[in-house]
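J.: This is the structure, below, for whatever I ask next.
The values are calculated or read from the model by the stated rules, or taken from the named source; none is laboratory data. It should be emphasised that the depicted structure is a prediction, and the values quoted were computed from it without experimental measurement. No Cβ is skipped: glycine too gets one built from the backbone with ideal geometry, and neighbour counts run over all protein chains shown. Just the protein is used for accessible areas: all its heavy atoms, side chains included, with ligands, DNA and RNA removed. Shrake-Rupley method; radii C 1.70, N 1.55, O 1.52, S 1.80 Å.
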Amino acid sequence: GEWQVEETADAWLVRVPVYLDDLAAEAVAVELYAAARGDAAGERHAMARGEALSGAVNGYAYQARLAKARPIADYTPRVVPALAGARVPLEMANILWYR
């Protein structure tokens with residue numbers, strides 16, 4: 001779905017609709033990712049699962065609040081497998097990047 005960004009004086013409020021179909025919500029994590037650029041290190045920000053999306057089967061609104069240290073265009077929402085302690089490489093085929 002279309003992600004939404006609201007700007008406040010000091011933060012970006014980001015909302016991303018995610019449709020999981022047959023996946024359990026506990027099996028995935030939704031993040032905002034920004035690659036390293038210049039002096040800025042790469043960043044990963046976990047998004048919190050919010051309310052269920054009306055009319056959708058297993059769809060949820062995920063949300064996060066980011067400090068405005070970087071432009072919002074630097075960030076991309078992504079869905080990654082969630083397994084405590086696991087490291088997920090960027091090129092892993094199971095990562096669903098926002099298009």
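J.: Quick one: would you say ALA73 is open to solvent by 20 Å² or more (accessible area, probe 1.4 Å), small (Gly, Ala, Ser), modelled with pLDDT of 90 or more and in a strand (DSSP E or B)? Reasoning before the result, please.
T.: Values: open to solvent by 20 Å² or more (accessible area, probe 1.4 Å): yes; small (Gly, Ala, Ser): yes; modelled with pLDDT of 90 or more: yes; in a strand (DSSP E or B): no.
Against the criterion (open to solvent by 20 Å² or more (accessible area, probe 1.4 Å), small (Gly, Ala, Ser), modelled with pLDDT of 90 or more and in a strand (DSSP E or B)), ALA73 does not qualify.
J.: Still on this structure, I have one more. Answer yes or no: is there a residue in the range 50-70 that is assigned to a helix (DSSP H, G or I) and touching a residue at least 60 places away in the same chain (Cβ under 8 Å).
T.: Within the range 50-70, none of the residues are assigned to a helix (DSSP H, G or I) and touching a residue at least 60 places away in the same chain (Cβ under 8 Å).
J.: Which members of the range 28-70 meet the condition of being open to solvent by less than 30 Å² (accessible area, probe 1.4 Å), β-branched (Val, Ile, Thr) and either touching a Phe, Trp or Tyr at 6+ places or on another chain (Cβ under 9 Å) or closer than 18 Å to GLU2 by Cα (or both)?
T.: VAL30
J.: How many residues are in a strand (DSSP E or B) and over 16 Å from ILE72 (Cα atoms) if we restrict to the range 23-48?
T.: Total meeting the criteria: 4.
J.: Now, a different point. Looking at the range 86-93, is at least one residue open to solvent by less than 40 Å² (accessible area, probe 1.4 Å), assigned to a loop (DSSP other than H, G, I, E, B) and modelled with pLDDT of 65 or more? Please lay out each step first, then the result.
T.: Residues of the range 86-93 open to solvent by less than 40 Å² (accessible area, probe 1.4 Å): none.
Within the range 86-93 (the criterion being open to solvent by less than 40 Å² (accessible area, probe 1.4 Å), assigned to a loop (DSSP other than H, G, I, E, B) and modelled with pLDDT of 65 or more), the answer is no, since none of the residues qualifies.
J.: With the condition kept exactly as written, say whether any residue in the range 1-13 is in contact (Cβ under 8 Å) with a residue 24 or more places away in the chain, within 11 Å of the chain's Cα centre (by Cα) and part of a strand (DSSP E or B).
T.: no
J.: For the range 12-49, what are the residues that are of a type in the set (Gly, Ala, Ser) and more than 13 Å from ARG65 (Cα to Cα)? Spell out the reasoning first.
T.: So the first thing to find is which residues in the range 12-49 are of a type in the set (Gly, Ala, Ser), and the list is 24-25, 27, 29, 34-36, 38, 40-42, 46, 48.
Across the range 12-49, the qualifying residues are ALA24, ALA25, ALA27, ALA29, ALA34, ALA35, ALA36, GLY38, ALA40, ALA41, GLY42.
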